[in-house]
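The values are calculated or read from the model by the stated rules, or taken from the named source; none is laboratory data. Nothing here was measured: the structure is a model prediction, and the numbers come from that model. Heads up, the Cβs are rebuilt from the backbone with ideal geometry, glycines too, and the neighbour counts pull from every protein chain shown.
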Amino acid sequence: MTSEAITASAAGTWTLGDLTVNRIGFGAMRLTGSGAFDHGTPSDRDRVIGVLRRAVELGVNHIDTAAFYFSSLRSANELIDRALAPYPEDLVITTKVGPGRDPSGAWFKATPEQLRGQVEENLRQLGRDHLDVVNYRVQGDPETTSLAQHFGALADLRDAGLIRHLGVSNVTPGLLAEAQAIAPVVCVQNRYGLGARSADDDDLLRACGEQGIAFVPFFAIAGEGREAGASATDNDKVLDVARAHGATAAQILLAWTLHQGPHVLAIPGTGNPDHLVANVAAGALRLSQDELARLG
């Protein structure tokens, strides 16, 4: 497919609370280098700044990031600030808290009392006076974990004006209900993709649609490859559909994701300008019911 003239608006829109975003967005995790977080080759700073600016030119108005997306030389939030500030009025930046990393890169789980510090760190790095959407990411087994104290602390920060809207990540339907009883949830961010989902995942996706909540998969392209990268792009069925559309396997995986419901958003990440153009163009792909059945 011809990608260059296609913008993010081709995928349609959804609302996060009162914020309208194009359903094809951008994930910032890979901006800091070729590996996840502090491993791999450091990114080229000027190149990834160019990718961010090009994303906005292509109509991307939803960027997903986190203060813990940093390597020894790069910080995703600071790259976003450098590339895009002063921010376009329609740009929605979503970040996440709960997990944290100290300056050496070691991980820790934030207490409810530490969440304010994580929110303020995102504010400083992004150069903003409030955060559009903050996702609380559950750590540990979501089947045996409560999020009430942590999510309640974030609800207090929302009431204080530091956060506009709240979301949750790595949750079950029970945890989503627990959060909804405390404050409105505008999005759920869970791992989900072709070949990387279960019946329970499908149920949660449908439940979000019924409640008007955005469902935002991460690793939609990478699948079981997770931080290491794509693992399903050599699937024969995916490749057959890709050939029929003159598209890449990664584009078909993104298109399949968007076809799971009008409330489903995509946040593919890349530091490669050509991959960015291709990812955005995937929002214009329309798969037939027969193709969806073969893939699914």
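Of all the residues that make up the range 270-290, how many are touching a residue at least 40 places away in the same chain (Cβ under 8 Å) and either under 20 Å from residue 61 (Cα atoms) or surrounded by 20 or more Cβ atoms within 10 Å (Cβ to Cβ) (or both)?
14
Note on the range 241-284: residues that are at pLDDT 95 or above, within 22 Å of residue 20 (Cβ to Cβ) and of a type outside the set (Ser, Thr, Tyr) amount to 20. Residue count for the range 118-153 satisfying the condition of being under 22 Å from the mean Cα position of the chain (by Cα) and closer than 30 Å to residue 85 by Cβ: 22.
Restricting the range 88-112 to residues that are in contact (Cβ under 8 Å) with a residue 24 or more places away in the chain and farther than 26 Å from residue 142 by Cβ, the residue that is surrounded by the fewest Cβ atoms within 10 Å (Cβ to Cβ) is 88.
Per-residue answers, yes or no, for (1) of a type in the set (A, V, I, L, M, F, W, C); (2) modelled with pLDDT of 90 or more; (3) closer than 12 Å to residue 280 by Cβ:
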{"position": "16", "(1), (2), (3)": "yes, yes, no"}
{"position": "21", "(1), (2), (3)": "yes, yes, no"}
{"position": "27", "(1), (2), (3)": "no, yes, no"}
{"position": "37", "(1), (2), (3)": "yes, no, no"}
{"position": "52", "(1), (2), (3)": "yes, yes, no"}
{"position": "56", "(1), (2), (3)": "yes, yes, yes"}
{"position": "61", "(1), (2), (3)": "no, yes, yes"}
{"position": "69", "(1), (2), (3)": "no, yes, no"}
{"position": "73", "(1), (2), (3)": "yes, no, no"}
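Please work out if residue 160 is touching a Pro at 6+ places or on another chain (Cβ under 8 Å), surrounded by fewer than 22 Cβ atoms within 10 Å (Cβ to Cβ), over 17 Å from residue 67 (Cα atoms) and of a type outside the set (S, T, N, Q). Spell out the reasoning first.
On the way: touching a Pro at 6+ places or on another chain (Cβ under 8 Å): no; surrounded by fewer than 22 Cβ atoms within 10 Å (Cβ to Cβ): yes; over 17 Å from residue 67 (Cα atoms): yes; of a type outside the set (S, T, N, Q): yes.
For residue 160, the condition - touching a Pro at 6+ places or on another chain (Cβ under 8 Å), surrounded by fewer than 22 Cβ atoms within 10 Å (Cβ to Cβ), over 17 Å from residue 67 (Cα atoms) and of a type outside the set (S, T, N, Q) - is not met.
The set of residues from the range 201-238 being at pLDDT below 65 and in a helix (DSSP H, G or I) comprises 223, 224, 225, 226, 227, 228.
Residue pairs whose Cβ atoms lie under 8 Å apart, separated by 6 or more positions or on different chains, with the first residue in the range 10-21 and surrounded by fewer than 18 Cβ atoms within 10 Å (Cβ to Cβ) and the second of a type in the set (D, E, K, R), are 12/23; 13/23; 17/164; 20/90.
For (1) of a type outside the set (Val, Ile, Thr); (2) under 18 Å from residue 205 (Cβ atoms), each residue gets a yes or a no:
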site	(1), (2)
127	yes, no
141	yes, no
144	no, no
150	yes, no
159	yes, no
165	yes, no
172	no, yes
179	yes, yes
183	yes, no
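Checked against the criterion of being surrounded by fewer than 20 Cβ atoms within 10 Å (Cβ to Cβ) and in a helix (DSSP H, G or I), the range 250-269 has no qualifying residue. Examine the range 75-82 for a residue that is of a type in the set (Asp, Glu) and surrounded by 15 or more Cβ atoms within 10 Å (Cβ to Cβ), and state whether such a residue exists. Yes.
Cβ-Cβ distances below 8 Å connect the following pairs, each with a first residue in the range 158-169 that is without any contact (Cβ under 8 Å) to a residue 40 or more places away in the chain, a second residue that is of a type in the set (D, E, K, R), and a separation of six or more residues or different chains: 158/164; 166/158; 168/137.
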